[in-house]
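Working notes, structure below.
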Amino acid sequence: MAHHGNPGDAEPPLGLSHAEAHSRLAKEGYNELPQSQTRSIWRIARDIVSEPMFGLLIGAGLVYLLLGDLTEAVVLLLFACASVTIAIVQEARSERVLESLRDLTSPRALVVRDGHRQRIAGRELVRGDLVVLNEGDRVPADAMVQQAHDLQVDESLLTGESVPVRKAAAGVQAAAVVGPRPGGDGLPYVYSGTLVVHGFGFARVTATGARSEIGRIGAAIKTIEAEPPRLHAETRRLVQVFALLGIGFAAFATVLNGVVRGDWLEALLGGIALSMSMLPEEFPLVLAVFMVMGAWRISQARVLTRRAAAIETLGAATVLCTDKTGTLTQNRMSVAVLAVGETVLRPGWGGGGPLGGDIEQLLETAILASEPEALDPMERALHTIWREQRGAAALPTGGLRLLRDYELRPDLLAMTHVWESADRTFAVATKGSPEAVASLCRLPPEDRAALEAAADRYASEGIRVLGVARGHHRGGGLPEAQTGFAFDLVGLVGFQDPLRTTVQEAVQDCRSAGIRVVMITGDYPATALAIAREAGIEATEAITGRELDRLTDAELAARLRGHSVFARIMPEQKLRIVSALKANGEVVAMTGDGVNDAPSLRASHIGIAMGGRGTDVAREASSIVLLDDDFGSIVQTIRLGRRIYDNLRKAAGYIFAVHVPIAVLALMPLLLGLPLVLTPLHIAFLEMVIDPVCSIVFEAEAEEHDVMERPPRPPDARLFSLHYVVWSVFQGMLAAGAVGAVLVTEMAFGAPISDVRAASFLALVLTNLALVLANRSFSASLAQAASMRNRALWVVIAVTAGMLAVVLYWPPARSLFRFGQLQAADLLFCAALACLVLLVLEAMKSRWRKLILP
């Protein structure tokens, strides 16, 4: 009769009584993670409105409302409300990390209470409860194993490693000992959220809820402050500076005009117009447009952007920290080596050469030593390669009955299956560590040394090796232990988690872009180094978790400058590595897919989660999610991030430049004693309609040809460097000179103020378009830029021409804007000056290129 172990075959230890369980539940609380505290929509709105960039807009609108300028007030307030709405949508993104962690625990648990088994809600588990663990169960709480029958648990959720670990029962004296961290064979501790893949057992709960290992990770996530968006902070400072300058100039101009002219109302309106002209109201909207459109463009590469700030940070990334399992590798074991003596077959992933002879016998024996319905990744790999080679042919276990299975033991890391056929013949197969199989086969010392040398050679390549042997049984009683059989060595089977096909090219692209790839894994150093070499990551040695614990923060920061592979690393150590890299001034991107990666994902500047195989926890803690789990998508995302930042600088430089002629045109009448040329309505029209629309042109621009050949921009690089500010001011002054020339010329010919206003406005709009064309590319000439496809540019030109035609020639709009009738000569003069501005800027751009590049 076959022996199939299950918890019903074993006498369980005693569980808690119902009374004691209810008492502990009332005292210690439910087995669940505390809910995260989220801000309400009203709290978010209040925080946003209190920021200067939005507060100034709303305040300006209220001032116009008090002055009775209803149109201007409505335009300003509508724009401010739209900006606030966009910001609220971005800020109110869901933060469900702790909720996702809660979902990972099993909703039901099988426990022993008052000597009887019963299923209860997982949240009602308490410390001291006795839990029954069966194959396929998710562990409901941290616990100490009391009885184990070939119990194996997949802890990749916490360690990142796909190979299950074997669990052993704890001695009575160890019942109160706090367990070590996840990972490692032969330990008596199981952890909440991990998966039982083989065997069964009983375990006594030692920690629930927030006190569990997964709960401590949740607490770490909760206490980590996400990296604040640098661009947002810089924009705030820029708006504050402009606001102070605008208020100062406006106050000076208002007092000057009030004293000189005596018309304080006219002076106040002129001062407000000047203040508006110097306030870069477009920045919040343009920034929002670039972030939203950038997220959309990145999504076309099957990458989801969860935090808009990560888009602008991508171009500055200097270090990419990546997990090994499931990120560089496929997180699915495959048969890498089948070796019988000198005959070696390396099938690789997806099969390989045909099976036959000794190699086929090796694979058959290894499958016979596996479970019929395999859950273990290595056993699944054996079944997979058999089916790939044999098609629909039955497994070697077909037609056989499992008579008995001998489990792994701490003193003998091998498992043996005895099979019986219909004609009463027997097959005995074993697999396990090469040392254990050599011992079962009673190999002479020289053969044992050769076997272990071969195993070590494969291990240095990152291959996990099992020995395989076939035993003999002619009937009668079975021995009590595996050692009772006579075994003959068959060969070695090696398993490997294959590298993703896109990884090598992606690593090379990162290197050419000046980005260092650092691998952080919980696997063994030899395996980590082998995978690193295969991926193209430069490394000669790996720093282990134990070594890292002995390093001070300063020593770790120093070692990080020369090491790119870390092995046997625990979650909090990943977080420490990321923190040390940040302390070194690096801009850190971190990839990962498991719960163990969540704290470091959140702490990094750019957290990149794997969306397909990754956990909800990793996705919620990240900034960016790769929907197809393709490591190569990271390079495409970085390329897009650099393009977006380049184009954002172009748009910002344009906005900076275009404010100069607007401010000059608002200031000149005040200084020259002329009637106001630009009223608040004109400035609102320019800044809130034409300028943001023109900025869309920059968002749609193609990448610079060297976007992935330059090193990452410095972490402290400003959106506006000093040289870029000078270049933008020069552009603005040139445009202001052209607009001023139109104003002075019109006044010299004695044109009425309505004609002067219309001509000046037309010149301002046309030079605005000239600035757009001049700033399309940092490096391409005007002729080269003309060949670059940008449909948004032609849409903007058409829309601008249409709007100009409406306000200049449609009587109601012309009356609202107080424009006169322009002649053909006025149109030609303004167009000629705009073309002159464009040609001068084009001639100067090549000299400024190296100074203005990010």
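The values are calculated or read from the model by the stated rules, or taken from the named source; none is laboratory data. Owing to the predicted nature of the structure, the values given are computational and were not obtained by experimental measurement. As a convention, Cβ positions derive from the backbone with ideal geometry for all residues, glycine included, and neighbour counts pool all protein chains shown. Ligands, DNA and RNA are excluded from the accessible area calculation, which covers all protein heavy atoms including side chains. Shrake-Rupley method; radii C 1.70, N 1.55, O 1.52, S 1.80 Å.
Points to keep in mind about this one:
This table checks each residue for (1) open to solvent by 10 Å² or more (accessible area, probe 1.4 Å); (2) in a loop (DSSP other than H, G, I, E, B); (3) modelled with pLDDT under 80.
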| site | (1), (2), (3) |
| --- | --- |
| Glu135 | yes, yes, yes |
| Gln146 | yes, no, no |
| Val153 | no, no, no |
| Val163 | yes, yes, yes |
| Arg166 | yes, no, no |
| Gln173 | yes, no, yes |
| Glu227 | yes, yes, yes |
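- Among the residues here, Thr397 qualifies as in a loop (DSSP other than H, G, I, E, B) and closer than 20 Å to Met378 by Cβ.
- Complete set of residues in the range 509-535 that are part of a strand (DSSP E or B) and in contact with a Leu (Cβ under 8 Å, 6 or more places away or on another chain): Arg516, Val517, Val518, Met519
- Residue tally, condition charged (D, E, K, R) and open to solvent by 10 Å² or more (accessible area, probe 1.4 Å), over the range 638-655: 3
- Beta carbons closer than 8 Å, at least 6 apart along the sequence or on distinct chains, pair a first residue in the range 784-799 that is touching a residue at least 40 places away in the same chain (Cβ under 8 Å) with a second that is charged (D, E, K, R) for Met788/Glu701; Met788/Arg776; Asn790/Glu701; Asn790/Arg776; Ala792/Glu699; Leu793/Arg776.
- Scan of the range 121-156 for residues that are in contact with a strand residue (DSSP E or B) (Cβ under 7 Å, 6 or more places away or on another chain) and of a type in the set (Asp, Glu), ordered by number: Asp129, Glu135, Asp137, Asp142, Asp150, Asp154, Glu155
- Qualifying residue in the range 435-451 (condition: more than 24 Å from Gly341 (Cβ to Cβ) and either out of contact with any His (no Cβ under 9 Å at 6 or more places or on another chain) or in a helix (DSSP H, G or I) (or both)): no
- Any hit, the range 202-209, residues being modelled with pLDDT under 75 and either within 28 Å of Met415 (Cβ to Cβ) or assigned to a loop (DSSP other than H, G, I, E, B) (or both): no
- Pairs meeting the criteria (first residue in the range 719-734 and touching a residue at least 24 places away in the same chain (Cβ under 8 Å) and part of a helix (DSSP H, G or I), second residue buried (at least 18 other Cβ atoms within 10 Å of the Cβ) and hydroxyl-bearing (Ser, Thr, Tyr), beta carbons under 9 Å, at least 6 apart or on different chains) are Ser728/Tyr654; Gln731/Tyr654; Leu734/Thr767.
- Lone qualifier among Thr483, Thr416 - being closer than 16 Å to Ala366 by Cα and hydroxyl-bearing (Ser, Thr, Tyr): Thr416
- Every listed requirement among (1) open to solvent by 10 Å² or more (accessible area, probe 1.4 Å); (2) modelled with pLDDT of 85 or more is met by Arg602 save one, (2).
- In the range 412-437, of all residues being in contact with a Leu (Cβ under 8 Å, 6 or more places away or on another chain), within 14 Å of Gly475 (Cα to Cα) and without any contact (Cβ under 8 Å) to a residue 40 or more places away in the chain, the one that is surrounded by the most Cβ atoms within 10 Å (Cβ to Cβ) corresponds to Glu420.
- Residue in the range 464-474 that is surrounded by fewer than 18 Cβ atoms within 10 Å (Cβ to Cβ) and under 46 Å from the mean Cα position of the chain (by Cα) present: no
- The set of residues in the range 365-394 that are open to solvent by 50 Å² or more (accessible area, probe 1.4 Å) and either in contact (Cβ under 8 Å) with a residue 40 or more places away in the chain or part of a helix (DSSP H, G or I) (or both) comprises Leu375, Arg380, Thr384, Arg387, Glu388, Arg390.
- Any chance Gly326 is at positive phi, open to solvent by less than 10 Å² (accessible area, probe 1.4 Å) and either modelled with pLDDT under 70 or not polar (S, T, N, Q) (or both): yes
- Within the range 709-735, considering residues that are more than 22 Å from Ser846 (Cβ to Cβ) and buried (at least 18 other Cβ atoms within 10 Å of the Cβ), the one modelled with the highest pLDDT: Pro712
- Test: residue in the range 544-558 that is at pLDDT 85 or above, part of a strand (DSSP E or B) and within 16 Å of the chain's Cα centre (by Cα): no
- The range 521-541, residues that are over 25 Å from the mean Cα position of the chain (by Cα) and of a type in the set (A, V, I, L, M, F, W, C): Ala526, Ala530
- Filter pass, Glu538 being surrounded by fewer than 21 Cβ atoms within 10 Å (Cβ to Cβ), touching a residue at least 24 places away in the same chain (Cβ under 8 Å), assigned to a loop (DSSP other than H, G, I, E, B) and not small (Gly, Ala, Ser): yes
- Members of the range 787-820 that are modelled with pLDDT under 85 and outside any helix (DSSP H, G or I): Ser787, Met788, Arg789, Asn790, Arg818
- Residues located in the range 553-570, provided they are open to solvent by 10 Å² or more (accessible area, probe 1.4 Å) and either farther than 22 Å from Ile638 by Cβ or in contact with a Lys or Arg (Cβ under 8 Å, 6 or more places away or on another chain) (or both): Asp553, Ala554, Glu555, Ala557, Ala558, Arg559, Gly562, His563, Ser564, Arg568, Met570
- Scan the range 376-430 for residues that are at pLDDT below 85, among the acidic types (Asp, Glu) and over 45 Å from the mean Cα position of the chain (by Cα) and the total you get is 1.
- Residue list for the range 482-505, restricted to those being assigned to a loop (DSSP other than H, G, I, E, B) and open to solvent by less than 30 Å² (accessible area, probe 1.4 Å): Phe485, Asp497, Pro498
- Test: residue in the range 402-411 that is aliphatic (A, V, I, L, M), part of a loop (DSSP other than H, G, I, E, B), without any contact (Cβ under 8 Å) to a residue 40 or more places away in the chain and out of contact with any helix residue (DSSP H, G or I) (no Cβ under 7 Å at 6 or more places or on another chain): no
- Residue count for the range 741-761 satisfying the condition of being within 16 Å of Phe829 (Cβ to Cβ), open to solvent by 10 Å² or more (accessible area, probe 1.4 Å) and out of contact with any Asp or Glu (no Cβ under 7 Å at 6 or more places or on another chain): 9.
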